[in-house]
Amino acid sequence: MDIKLQQVSYAYAAGTPFEKRALYDVDLTIPSGSYQAIIGHTGSGKSTILQHLNAILKPTSGTVQIGDKRIDAGQKPKELKSVRQRVGIVFQFPEHQLFEETVEKDIMFGPMNFGVPEEEALRRAHELVGLLGLPQQVLEKSPFDLSGGQMRRVAIAGVLAMDPEVLVLDEPTAGLDPRGRKEIMNLFARLHREKGLTTVLVTHSMEDAGRYADRIAIMHSGKCVVEGTPQEVFAQTELLEDFRLELPQSVKLQRTIEEMTGHEFPTLYLTEEELAEALASYWTPNGEGMN
Amino acid sequence: MLEKMIFGRYIPGDSIVHRIDARAKLVFVFLFIAIVFLANNWITYGLLIAFTLTIVAVSGIRFYFIVSGLKPVLFLLVFTFLLHTFFTKEGTVLLDLGFTEIYTGGVIQGIFIAIRFFVLVVMTTILTLTTTPISITDALELLLNPLKKIKLPVHELALMMSISLRFIPTLMDETDKIMKAQMARGSDMTTGPFKERMKAVVPLLIPLFVSAFKRAEDLATAMEVRGYKGGEGRTRYRQLDWNLRDTVAILLLVVFAVGLFLLRS
Ligand SMILES: Nc1ncnc2c1ncn2[C@@H]1O[C@H](COP(=O)(O)OP(=O)(O)O)[C@@H](O)[C@H]1O
Ligand SMILES: [Mg+2]
């Protein structure tokens, strides 16, 4: 399912003295099956964009096309339940949305709202708990008795249980420990690869954007200023500097090596593994090859 | 989603209404609430409206904005109007609906009550829109200070009030966020049949309570580690300052009250 934003502008509290413009004429297309990263500073409008992807917010002007559903500015809400089911959003700090008596019930809440039969919802809850690396015993526990990291996983399972076609993630690993981050990011990558789940990731980590995404969009002051493949985006060093964004660690290291040795690599290495491999193939035991 | 609620919010500005001492504004509004009940005929109710609108104009806040922000209470206003229209049986019959009759007295009474309601709500809204919550509580604490003699915990009450006011926007934001998150999980309390909406309240309220309690605990800890131990011997950073214009404002209201008193029937 493609999602297409055309000339989307959005203002919070429109028409009051507290009016706050958050998006300006944003164009963005997220093709079915892609992995789109959105990066940018706090307050640049990333979360606002995400809320347009399942029509929780409707544009103040412009249109959002979600599959065959078209959301125009200023139009009354139509039947949106199917859109909400097909586009699952994991909000920032999703553990705040837990409320049921048991983890099991909480994971089943989403699917049952969309009319999934109870046995099927139950089956999904049991499967997802395993998929997210939680022991089966947590199913019977109260979500409020879990650790922060476990709560996060339960909340993510609650969205995955809706079986969405598009998974939207708003800084899903913020506040987790490094190991938890990696596990969760790898899980999303796996779902994307194996199930063809269209994925939209908002992140502050350039490494994650470079490693996992097919395309990267940069938001700055409510505008989408750059859009392209990770190779294209991270090649524009000066531009990134203008927006005060960093390069991924591996690219930084690559640039430093290039500066020190004068050697130009043919491409950007977006992960440390790729860079290590490239370096290893230049490396010869008698110290030749680096220049 | 809740962003249109204006009750309890403050709009910065530097009109004379903004600058009047918070104590004067509080006294003014309390007196006004009493004065409203003096009106009992067309002239006096007309004057009430004129007086209120003048203050709105002086405050520099757009009237359209006040009205649009008051939509939630507008429903109550219409309700009280209808209640009086249908249940006051005075004057002559205006309309015979078969099951009941509507009397002229009822309609007039309905209009009067609606006006009363309207000016009260607008006046208190102007108070909160033009005064920071902190000055309101400071003012209240100072005004209530004499009651400490009869062992009323004035400082604690004022503190409770300022903390509540301080957390209204925070809780609103929180509500907005949780509402959106549950909407994304297919539970929507803004559309659909009434029963569905009621079902959507629990998933909203429980997370809200959990986070409110957590916040309260954190706040209590933070206050304790910074040595808070009640109002005894506590000094203030912000000083309220009573000027001539504050006295004049109160006097104007008294003059207005006398006028109403003379014109009422
Ligand atoms: N509920 C809201 N009401 C008013 N303004 C908001 C609200 N949410 C976000 N904003 C404002 O909109 C802008 C974009 O916010 P957001 O999309 O949350 O940015 P990001 O996710 O990139 O940090 C910010 O300036 C923010 O202050
Ligand atoms: Mg955000």
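The values are calculated or read from the model by the stated rules, or taken from the named source; none is laboratory data. Note that this is a predicted model, so its numbers are computed, not measured. All Cβ positions, even for glycine, are placed from backbone atoms using ideal geometry, and neighbour counts span all protein chains on display. Heads up: the accessible areas ignore ligands, DNA and RNA and are worked out on the full protein's heavy atoms, side chains in. Shrake-Rupley method; radii C 1.70, N 1.55, O 1.52, S 1.80 Å.
List of remarks:
- Gain on full extension, evaluated as 0.36 nm per residue between residue A:126 and residue A:21 minus their Cα-Cα distance, stands at 33.5 nm.
- Cα-projected label distance for residue B:63 with residue A:101, points at 7 Å along beta-carbon direction, nm: 5.6
- Which of A:107, A:257 is most accessible, then next, and so on - probe 1.4 Å: A:257, A:107
- Radius, Kirkwood style, for the stretch A:160-291 when every pair of distinct Cα atoms is counted (Å): 16.6
- For B:55, B:43, the ranking by accessible surface with the largest value first comes to B:43, B:55, using a 1.4 Å probe.
- Residues in the stretch A:223-249 that a label on residue A:263 would reach, taking backbone N under 17 Å of a point 7 Å out along Cα→Cβ: none
- Accessible-area ranking of B:18, A:126, largest first, probe 1.4 Å: A:126, B:18
- Cα→Cβ-extended label distance, 7 Å offset, between residue A:232 and residue B:89, nm: 8.0
- When you filter the GluC sites (Glu not before Pro) in the stretch B:82-185 for DSSP loop state and at most 13 other Cβ atoms inside 10 Å of their Cβ, you are left with B:90.
- Range in chain B, longest, excluding exposed trypsin sites (Lys or Arg not before Pro) [loop by DSSP; at most 11 other beta-carbon atoms within 10 Å]: B:1-150
- Positive-pole candidate from B:170, B:152, B:223, dipole of the stretch B:145-225, charges at beta carbon: B:152
- The stretch A:135-196 versus the stretch B:89-136: alpha-carbon centroid distance in Å: 54
- Chain A - percent relative contact order, Cα under 8 Å, separation 6 or more: 21
- Annotation for the B:A interface, with buried accessible surface near 2200 Å², both sides summed [1.4 Å probe; non-protein components not counted].
- For residue B:118, the accessible surface of its heavy atoms amounts to roughly 50 Å² (probe 1.4 Å, protein chains only, rounded to the nearest 10).
- Counting only protein heavy atoms and a 1.4 Å probe, the stretch B:145-225 has 63 square angstrom of accessible area per residue.
- With viscosity 1.002 mPa s and temperature 20 °C, the Kirkwood radius over alpha carbon pairs of the stretch B:1-156 converts through Stokes-Einstein to a diffusion coefficient of 121 µm²/s.
- Three-way shape call for chain B based on the alpha-carbon gyration tensor, with the a/c threshold at 1.5: oblate
- Annotation: the stretch B:81-166 has a Kirkwood hydrodynamic radius of 16.3 angstrom, from the mean reciprocal C-alpha pair distance.
- Cα gyration tensor, the stretch B:88-236 - rounded (a/c under 1.5), prolate or oblate: oblate
- Paired Rg and Dmax values of the stretch A:90-229, which use every Cα atom, in angstrom: 15.5, 47
- Whether the protein assembly as shown is rounded, prolate or oblate, judged on the alpha carbon gyration tensor where a/c under 1.5 counts as rounded: prolate
- The stretch B:145-225 - percent relative contact order, Cα under 8 Å, separation 6 or more: 21
- Chain B - mean residue ellipticity at 222 nm from DSSP helices (-39,500 (n - 2.57) per run, n ≥ 4, rounded to 500): -23000 deg cm²/dmol
- Relative to the compact-globule estimate of 2.2 N^0.38 Å, the Cα radius of gyration of the stretch B:145-225 comes out at 1.52.
- Entries of A:20/A:76; B:25/B:214; A:58/A:195; A:46/B:180; A:223/B:180; A:69/B:71 with Cα pairs more than 25 Å apart: B:25/B:214; A:58/A:195; A:69/B:71
- Sites residue A:249 and residue B:161, calculated FRET efficiency, Cβ-Cβ separation with R0 51 Å, nearest 0.05: 0.50
- 222 nm mean residue ellipticity, helices alone, for chain A (DSSP H n ≥ 4; -39,500 (n - 2.57); rounded to 500): -11500 deg cm²/dmol
- Radius, Kirkwood style, for chain A when every pair of distinct Cα atoms is counted (Å): 20.6
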